[in-house]
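The values are calculated or read from the model by the stated rules, or taken from the named source; none is laboratory data. Computed from a predicted model, the values in this text were never measured in an experiment. Here Cβ is always computed from backbone atoms with ideal geometry, including for glycine, and neighbour counts include all displayed protein chains.
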Amino acid sequence: MACSILALALVIERFVSLKTAKIAPPRLLDEVLNVSRTGLPAPEVVTQLAQNSALGEVLASGLRALHVNPRCSESDLRSAMEGTGRMVAHRLERYLSALATIASAAPLMGLFGTVIGMIEIFGSQSPAGGATGGNPAQLAHGISVALYNTAFGLIIAIPSLIFWRYFRARVDAYLLTLELAAERLARHLNTLRK
């Protein structure tokens, strides 16, 4: 029960946190390129950009690097955006390992419950050679009840694994978008400085 509640909470949290508008708004890079065609935007604009989204945060780090040192090298500019990109990537991947752990551990916990149930069922049967012997219907019912544990473990694990793979692919796509946008901004800013 705890795993199912935790998995559901993590899935809802990731759906809310990984919205495109919060991570990589579609037209943000074009807006930044247009604003920076005539020169570097003011620090207030850069601060507002950083608060806009994860992509804005990465792009703002490149603009800040130029505000701090207008003669910074291309590698320093890229390094500033890469550092911010790593922090953003860490935030995007938050809770994914917990969801993967639930997907891996839930079937094992269900199997553990089944094994414990089987031990109790077979332990409660009368010994072989007793006058009455075991009741086959009672034994079959006990085994079916014990197998519910495995089924519940799988019911939790399968959706958790599906959502983990979905969120993993979504995060990877966002990271690629951020990387390509940072590369494009770096080329744009270097062209303007020449």
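Checking the condition surrounded by 14 or more Cβ atoms within 10 Å (Cβ to Cβ), at pLDDT below 85 and either part of a helix (DSSP H, G or I) or under 21 Å from the mean Cα position of the chain (by Cα) (or both), which residue from 142, 110 passes?
Numbers: 110 fails: at pLDDT below 85.
Of the residues listed, the single one that is surrounded by 14 or more Cβ atoms within 10 Å (Cβ to Cβ), at pLDDT below 85 and either part of a helix (DSSP H, G or I) or under 21 Å from the mean Cα position of the chain (by Cα) (or both) is 142.
Name the single residue that is nearest to the chain's Cα centre (by Cα) among those in the stretch 8-38 being exposed (fewer than 12 other Cβ atoms within 10 Å of the Cβ) and in contact (Cβ under 8 Å) with a residue 12 or more places away in the chain. The residue in question is 21.
Annotation note: of 11, 58, the sole residue that is out of contact with any Cys (no Cβ under 8 Å at 6 or more places or on another chain) and more than 30 Å from residue 158 (Cβ to Cβ) is 58.
Does residue 44 meet the test of being surrounded by fewer than 18 Cβ atoms within 10 Å (Cβ to Cβ), touching a helix residue (DSSP H, G or I) at 6+ places or on another chain (Cβ under 7 Å) and either touching a residue at least 60 places away in the same chain (Cβ under 8 Å) or not aliphatic (A, V, I, L, M) (or both)? Let's see the steps before the verdict.
Numbers: surrounded by fewer than 18 Cβ atoms within 10 Å (Cβ to Cβ): yes; touching a helix residue (DSSP H, G or I) at 6+ places or on another chain (Cβ under 7 Å): no; either touching a residue at least 60 places away in the same chain (Cβ under 8 Å) or not aliphatic (A, V, I, L, M) (or both): yes.
Taking the combined requirement at face value, the residue does not satisfy it.
Among the residues of the stretch 100-112, are any without any contact (Cβ under 8 Å) to a residue 24 or more places away in the chain and not assigned by TED's automatic domain parsing to the domain that holds residue 49?
Yes, because at least one residue in the stretch 100-112 is without any contact (Cβ under 8 Å) to a residue 24 or more places away in the chain and not assigned by TED's automatic domain parsing to the domain that holds residue 49.
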